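Taking it in order: structure first as structure tokens, then the write-up.
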Amino acid sequence: MKTSEIRALFSVVSRPEVVSLAGGMPAVTALPLDAVGSMIGELVSGMGAQTLQYGSGQGDPRLRERICDVMALEGITDASPSEVVVTVGSQQGLDLVTRVFCDPGDVVLAEGPSYVGALGVFQAAEARVRHVPMDDDGLIPEALEQTLLECRADGDRVKFLYTVPNYHNPAGVTLSEPRRQAVMEIAERYDLLVIEDNPYGLLGFDREPMRALRARDDRRVIYLGSFSKTFSPGLRVGWVLAPLAVREKLVLATEAQVLCPPSLTQYAVARYLDTQPWREQVKHFVELYRERRDATLESLEALMPAGTTWTRPDGGFYVWLKLPHGLDAKQMQPRAVNAHVAYVPGIGFYADGSGSEFMRLSYCYPEPDQIREGVRRLARVIEAELDLHSTFDAVDTGTFRAVPGPHGGAAPGAGTIVGPANSDRYEDRA
Ligand SMILES: Cc1ncc(COP(=O)(O)O)c(C=O)c1O
């Protein structure tokens, strides 16, 4: 196991002078904290015999019913509470699924880039990850098919496709409707299991939730859900929806790991869903994140030097930024931290060591003004880096020409410095 890029950043980004665009922490202070506090207090004082006791390995039946109601918002209308396993965040769900399916050396297909926590799970299981390229519409079905053919030719045992179809972490993109269809057709043709990891599905800015992959196929898709982004990550309540035979194995695996998920937090989530206006709260989160997304995109457009490109998320927490040619986000990181801005270098989101020219920017946590300041600092760091590179290039070629600044003199917002939406495949790198 290796230190995660994100954990390594934690000590730095907690310094108050640093604007952190690094962590993906939800804006929990936007919750009605007093109401949640009294609710949890009552759960202990009034129902301590249950809420402070061990519970069932599969999770509280009442909560599993409510989870089915939540999934119905994404078109999963046939789920039964008996197919749901409550987990300690969806992270534990992914760990359980991987333990159940993967032996060392097995292959897992995953988008390139992929959620860093998933890569950690696959690595711990000694599974090999093969990345499938994405573009602005998410995973590319033709590339998925190509990868499957290559795996066949190489004799790889492919255990599943791991995908984050909505507001991808870290890429910020969403799998389009036609591609959802195409991905499921390929899964059928190649007898491929799909792990659909969907913590951000209800956090779309401009549309109703998209229909889940699981809503199209109840045999071939295992669905991972979470209350971390719609309620609270500190409660650590997530779930897996899986066909009964798989569910059975997941319950055995979770009992071996933790006996049962925590009773108090399960009751807290169930009570929250029963008694609080949680759909209104999700809308409130969406408005807050939309404002932060806008602040991020507007500042990027106004300030980033030519050659920088980025995705334009319409939900979730993240923008995926590609640096101008030749720049390396990991190498640049100490200078960024010196300039009091933090991001996550892209390399952590690939299992194969690629991604050096990318970084993930999270807009979920800082206030809009901090975001603007963070992007301003970042733009300066990138400009300085470009200056450095062009100076070295000039020395290399022996031409000591005056090298124009990265803006080429253009005023911020003049259009010439604006990077287009990243329509490259993220994998298409020289
Ligand atoms: C794609 C993805 N999956 C899973 C998780 C883990 O979520 P949880 O808090 O439910 O364990 C995250 C958290 O950032 C995530 O972005």
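Checked against (1) touching a Lys or Arg at 6+ places or on another chain (Cβ under 7 Å); (2) modelled with pLDDT under 95, residue 81 passes all but a single condition, namely (2). When residues in the stretch 165-191 are screened for being within 11 Å of the ligand (Cβ to nearest atom) and among the basic types (Lys, Arg), 0 of them pass. Scanning the stretch 226-235 for residues that are under 19 Å from residue 202 (Cα atoms), among the hydrophobic types (A, V, I, L, M, F, W, C) and in a helix (DSSP H, G or I) turns up nothing. Condition test on residue 247, is it away from the ligand (no atom under 16 Å from the Cβ) and part of a loop (DSSP other than H, G, I, E, B)? So residue 247 fails the test.
The requirement of being surrounded by fewer than 20 Cβ atoms within 10 Å (Cβ to Cβ), polar (S, T, N, Q) and away from the ligand (no atom under 16 Å from the Cβ) is fulfilled nowhere in the stretch 121-131; no residue meets it. When the criteria are applied in full, residue 148 fails the requirement of being surrounded by 21 or more Cβ atoms within 10 Å (Cβ to Cβ), within 16 Å of the ligand (Cβ to nearest atom) and either assigned by the TED database to the domain that holds residue 223 or outside any helix (DSSP H, G or I) (or both).
Checking the stretch 160-178 against the condition returns no match, with no residue being assigned by the TED database to the domain that holds residue 220, of a type in the set (A, V, I, L, M) and surrounded by fewer than 21 Cβ atoms within 10 Å (Cβ to Cβ).
Please tell me if residue 211 is within 13 Å of the ligand (Cβ to nearest atom), in contact with a Gly (Cβ under 7 Å, 6 or more places away or on another chain) and basic (Lys, Arg). Break it down into steps so the answer makes sense when it comes.
On the way: within 13 Å of the ligand (Cβ to nearest atom): no; in contact with a Gly (Cβ under 7 Å, 6 or more places away or on another chain): yes; basic (Lys, Arg): yes.
Judged against the criteria, residue 211 is not a match.
Going by the conditions given, is residue 347 in a helix (DSSP H, G or I) and within 27 Å of residue 108 (Cβ to Cβ)? Yes, satisfied.
Could you run through the stretch 43-78 and say how many residues are part of a helix (DSSP H, G or I) and in contact (Cβ under 8 Å) with a residue 60 or more places away in the chain? Talk me through it step by step, then tell me what you get.
Of the residues in the stretch 43-78, the ones part of a helix (DSSP H, G or I) are 43-51, 61-72.
Retained after the next criterion (residues that are in contact (Cβ under 8 Å) with a residue 60 or more places away in the chain): 43-44, 47, 50-51, 62-64, 66-67, 69-71.
Selection size over the stretch 43-78: 13.
Being within 23 Å of residue 18 (Cβ to Cβ) and among the small types (Gly, Ala, Ser) is a property that does not hold for residue 306.
Scan the stretch 83-118 for residues that are assigned to a loop (DSSP other than H, G, I, E, B), closer than 17 Å to residue 129 by Cα and either within 11 Å of the ligand (Cβ to nearest atom) or not hydrophobic (A, V, I, L, M, F, W, C) (or both) and report the count. First the steps, then the outcome.
Residues of the stretch 83-118 assigned to a loop (DSSP other than H, G, I, E, B): 88, 102-106, 113-115.
From the residues that got through so far, the ones that are closer than 17 Å to residue 129 by Cα too are 102-106, 113-115.
Checking the rest, the ones that are also either within 11 Å of the ligand (Cβ to nearest atom) or not hydrophobic (A, V, I, L, M, F, W, C) (or both) come to 103-106, 113-115.
Final tally of qualifying residues: 7.
Filtered by the rule that a residue be farther than 16 Å from residue 373 by Cα and buried (at least 22 other Cβ atoms within 10 Å of the Cβ), the stretch 334-347 gives 344, 345, 346. A Cβ distance below 6 Å, combined with a sequence gap of six or more or placement on separate chains, defines the contacts here; from the stretch 279-296, residues that are within 13 Å of residue 363 (Cα to Cα) reach residues that are among the β-branched types (Val, Ile, Thr) and not in a helix (DSSP H, G or I) in the pairs 296/319. Exactly one of (1) modelled with pLDDT of 95 or more; (2) in contact with a helix residue (DSSP H, G or I) (Cβ under 9 Å, 6 or more places away or on another chain); (3) more than 15 Å from the ligand (Cβ to nearest atom) is unmet by residue 236. Its number? For residue 236, the exception is condition (3).
The values are calculated or read from the model by the stated rules, or taken from the named source; none is laboratory data. Small disclaimer: the values here were computed from a predicted structure and weren't measured. Heads up, the Cβs are rebuilt from the backbone with ideal geometry, glycines too, and the neighbour counts pull from every protein chain shown.
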